[in-house]
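Everything below concerns the one structure shown next.
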Amino acid sequence: MKYSTISMPGLEELIITQMEEIEGVIHLHVSVPRRRHQCPACGDWIHKVHDYRIQKVKHLKLFERTTYLFYRKRRYACPCGKRFAEKNGFVERYQRHSIEWNQALGLRVIQGKSFKDTAAQFRTSQTTCIRRFDQISASYLKETEELPEVIAIDEYKGDTNEGKYQLIIADGETGKPLDILPNRSVHTFKRYLQQKGAKVKIVIMDMSYHFKSAVNQALGNPLIIADRFHYCRYIYWALDRVRKRIQKEFHAYDRKKCKRLRHIFFKPYEKLTDKQRWYLARYLGFSESLRTAYGLKERFRKWFIRAKEVGKTDMSRVKKELYAFYEQVEASGIKEFMDAIQTLKNWQVEILNSFAFEYNNGFIEGLNNQTKVIKRNAFGFKRYDRFRLKILLHHQLKNRMIFKWGEE
């Protein structure tokens, strides 16, 4: 019998006696060097081989071909009557997959795109991948024991067994996700903050009265910062509602054309092309109300730019110009803008805080986008706990090797 001198990673202790390819599948016939073993029953050291058995073990692909190890396993016989198999370092007892295969699968089910994709790569079932993920994922997750001083919160649509929406909490300084709550109910959120939010001083959030109430009750009125995107869009929504109302009176051609070119109403005037400015002037010329609404939007945009520049040093100027904008809206009498500034007035303290401290929720919207991609790749997650582990481990173990080969 000829023995191979090739040493393969993960199979260093094995003696490869034969290698063959059958219908695109590689078969490696292997064994381990013969040595004495201690009897698990009486403790004596035994060298006598009782018999040999062939064990088929699935291994990692070689040269992109499915690979099986045909392990010629020795069974030893002890004078005490005990029969036992020899020890080896490449396959565990009662397993049909090698240790290397299980380690690689564990890495991919955590950092891979989806369970289905991982199953296809490893030529196994989705059930095996899910079972492997459930076995190891919790041990690699670093749970948040206490929230930091600055946190950001937002909701996303998860569609799990715990609820249609889940709530994500992230570190406002580093942008890293800290935890995901099973639903967005005020009771769940408030209880979580009471348990882990003793150090929290600043909360960045969208303009939700329910979340604001829960934060104030649980944390004792911390500093709340309204996300800039969420309050700016009220002004743009107001302009869009005016456009929709006014364009109903246009000729059919202009009505359809105005709808298709609605983006030019939102774009900063100085960034418009000559052609876009021509169309903008045409449609603003059709209606005094639409022209006034567009002017209010531009006035708010210029105020926003100045507020970002001087907010940390001259808050009085920011407030003065904001009040002037309120007066201009009230003088116009446009209902859509009147409703919008009422919302701004209700959240004015939190809006001004966004300029004084320069925090925003932009990064958490990015986290939500990645979460939606993970959900879409997997065609959804029914179980909340599995979805939570998948998202948090994706961010915690990103660009990291969680296994060292040869270790579990």
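Numbers below:
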| quantity | calculated |
| --- | --- |
| Qualifying residues in segment 194-207 (those that are assigned to a loop (DSSP other than H, G, I, E, B) and in contact with a His (Cβ under 9 Å, 6 or more places away or on another chain)) - the one farthest from residue 170 (Cα to Cα) | 207 |
| Boolean, residue 298 is within 30 Å of residue 282 (Cβ to Cβ), in contact (Cβ under 8 Å) with a residue 24 or more places away in the chain and surrounded by fewer than 16 Cβ atoms within 10 Å (Cβ to Cβ) | yes |
| Some residue of segment 155-162 being in a loop (DSSP other than H, G, I, E, B) and surrounded by fewer than 15 Cβ atoms within 10 Å (Cβ to Cβ) | yes |
| When residues of segment 118-140 are limited to those that are within 19 Å of the chain's Cα centre (by Cα) and modelled with pLDDT of 90 or more, the one nearest to residue 24 (Cα to Cα) | 118 |
| Residues within segment 41-83 that are closer than 11 Å to residue 28 by Cα and aliphatic (A, V, I, L, M), tallied | 3 |
| So residue 165, is it among the aromatic types (Phe, Trp, Tyr), part of a strand (DSSP E or B) and in contact with a strand residue (DSSP E or B) (Cβ under 7 Å, 6 or more places away or on another chain) | yes |
| Unmet requirement for residue 89, which otherwise passes all of (1) under 19 Å from residue 381 (Cβ atoms); (2) touching a residue at least 24 places away in the same chain (Cβ under 8 Å); (3) of a type in the set (Gly, Ala, Ser) | (1) |
| Any chance residue 222 is surrounded by fewer than 16 Cβ atoms within 10 Å (Cβ to Cβ) and of a type outside the set (Gly, Ala, Ser) | no |
| Selected residue (criterion: surrounded by the fewest Cβ atoms within 10 Å (Cβ to Cβ)) from residues of segment 101-124 that are under 18 Å from residue 380 (Cα atoms) and of a type in the set (Ser, Thr, Tyr) | 114 |
| Residue 165 vs. criteria within 25 Å of residue 369 (Cβ to Cβ), more than 27 Å from the chain's Cα centre (by Cα) and not acidic (Asp, Glu) | no |
| Failed item in (1) closer than 17 Å to residue 387 by Cβ; (2) surrounded by 15 or more Cβ atoms within 10 Å (Cβ to Cβ); (3) within 15 Å of the chain's Cα centre (by Cα), with residue 171 passing the rest | (1) |
| Only one of 391, 341 that is surrounded by 19 or more Cβ atoms within 10 Å (Cβ to Cβ) and without any contact (Cβ under 8 Å) to a residue 40 or more places away in the chain | 341 |
| Among the candidates 211, 133, residue that is surrounded by 14 or more Cβ atoms within 10 Å (Cβ to Cβ) and under 23 Å from residue 351 (Cα atoms) | 211 |
| Selection count, segment 234-284, where residues are of a type in the set (D, E, K, R) and outside any helix (DSSP H, G or I) | 4 |
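The values are calculated or read from the model by the stated rules, or taken from the named source; none is laboratory data. Keep in mind that this is a model prediction, so the values were computed, not measured. Quick reminder, even Gly has a Cβ in these numbers, built from the backbone with ideal geometry, and neighbours come from all protein chains shown.
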